[in-house]
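The next block holds one structure in the form of structure tokens; read it before the comments.
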Amino acid sequence: RHMPIAASVRTTASASAVANSVFPGARAPRAAPRLPEAWLAPCDGEVTAAYGVDSHPVTARARFHEGVDFQAANAVVTASRSGVVRHAGSNEAYPEYGRFVVMDHGGHQFSLYANASHLLVEVGDRMSQGDDIAVGGQIAGSGGRRCHFEILYGAEGGWREAQRLDPAPFLGIE
């Protein structure tokens, strides 16, 4: 047997009021939770080095590459997700990165953008996904502007202790 629907429901009535008029004691469904932003590639260019074991572009020695390198075709490096800048500059502990940016996306998720020729952000800046954060730099012997990109996760103490993850599945690249 069908239950009759109330003949006149005000358009200004709340969803709960409408649900109660049709099904006494019912509650309106909750709004869907806000899903996190998808990760975007930080550059327009092609992937030039993948995560995992490869050979260094200058020394040709085998190494474990902890991120993905992109050709920075238009030179601009953008924020892969919204977040707060936690590092902008160089660091003696990480000479291989040159000038780099680290962003905190909350939930122990960080992104790192390395080998920049110029940084466009400062520590504490709140950036939206797609905002310009750096200009891709030239790695000696690499033949063009590049951006090294890492996704880091899981450290209570911050990005320095976080685990490096393969960015490819997050970016939808192979």
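The values are calculated or read from the model by the stated rules, or taken from the named source; none is laboratory data. These numbers were taken from a predicted model, which means no experiment stands behind them. All Cβ positions, even for glycine, are placed from backbone atoms using ideal geometry, and neighbour counts span all protein chains on display. These accessible areas exclude ligands, DNA and RNA; they are computed on the full protein's heavy atoms, side chains included. Shrake-Rupley method; radii C 1.70, N 1.55, O 1.52, S 1.80 Å.
Numbers for the structure displayed
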| item | result |
| --- | --- |
| Residue match in the stretch 105-113 (condition: aliphatic (A, V, I, L, M), out of contact with any helix residue (DSSP H, G or I) (no Cβ under 9 Å at 6 or more places or on another chain) and either within 16 Å of W39 (Cβ to Cβ) or modelled with pLDDT of 90 or more (or both)) | no |
| Residue ID - nearest to the chain's Cα centre (by Cα), chosen from residues in the stretch 63-111 that are outside any loop (DSSP other than H, G, I, E, B) and among the aromatic types (F, W, Y) | F110 |
| Contacts under 9 angstrom Cβ, first residue in the stretch 82-95 being farther than 20 Å from H108 by Cβ and in contact (Cβ under 8 Å) with a residue 60 or more places away in the chain, partner of a type outside the set (S, T, N, Q) and surrounded by fewer than 14 Cβ atoms within 10 Å (Cβ to Cβ), 6 or more apart | none |
| Residues located in the stretch 90-133, provided they are among the aromatic types (F, W, Y) and open to solvent by 30 Å² or more (accessible area, probe 1.4 Å) | Y94 |
| Test set (1) closer than 22 Å to E46 by Cβ; (2) at pLDDT 95 or above - H87 fails condition number | (1) |
| Answer residue from the stretch 151-172, given it is out of contact with any Phe, Trp or Tyr (no Cβ under 8 Å at 6 or more places or on another chain) and under 17 Å from E37 (Cα atoms) and is surrounded by the most Cβ atoms within 10 Å (Cβ to Cβ) among those | P169 |
| Verdict on D69 being surrounded by 18 or more Cβ atoms within 10 Å (Cβ to Cβ) and either at pLDDT below 85 or closer than 15 Å to G137 by Cα (or both) | yes |
| Selected residue [among the small types (G, A, S) and in a strand (DSSP E or B)] from A60, A114, A41 | A114 |
| The stretch 39-53 - residue that is open to solvent by 40 Å² or more (accessible area, probe 1.4 Å) and farther than 19 Å from W159 by Cα and, of those, farthest from the chain's Cα centre (by Cα) | V53 |
